[in-house]
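None of the figures in this text is laboratory data; all of them are computed from the coordinates on show. Please read all numbers here as calculations on a predicted model, not as lab measurements. Note that each Cβ is placed from the backbone with ideal geometry, even for glycine, and that neighbours are counted across all protein chains shown.
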Amino acid sequence: MPKMKTKSGAKKRFRVRPGGTVKRGQAFKRHILTKKTTKNKRHLRGATNVHETDMGRMAQMLPGRGI
């Protein structure tokens, strides 16, 4: 039986935390920042969790990672 492959785009973008949640980066913080308010950009700092409704897709893209 061949090994299950991890989606290479997913392994670059997501990290599985010890509790089983998946960490992701925030979207909408790369370019066209002049029209965004300072408050909006401040709230986009840091990382956040993947929503629980998307965890099934995460488990498919990252097999064998303990999700």
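Among the residues of the stretch 9-19, those identified as out of contact with any strand residue (DSSP E or B) (no Cβ under 9 Å at 6 or more places or on another chain) and within 14 Å of Arg57 (Cα to Cα) are Gly9, Ala10, Lys11. Taking the stretch 38-58 as the range and being farther than 11 Å from Arg24 by Cα and hydroxyl-bearing (Ser, Thr, Tyr) as the test, the residues that pass are Thr38, Thr53.
Within the stretch 20-37, track down each residue that is within 13 Å of Met61 (Cβ to Cβ) and of a type in the set (A, V, I, L, M).
Initial filter on the stretch 20-37 (within 13 Å of Met61 (Cβ to Cβ)): 22, 24.
Across the stretch 20-37, the qualifying residue is only Val22.
Only residues that are more than 13 Å from the chain's Cα centre (by Cα), surrounded by 12 or more Cβ atoms within 10 Å (Cβ to Cβ) and hydroxyl-bearing (Ser, Thr, Tyr) were counted across the stretch 1-57, and they come to 1.
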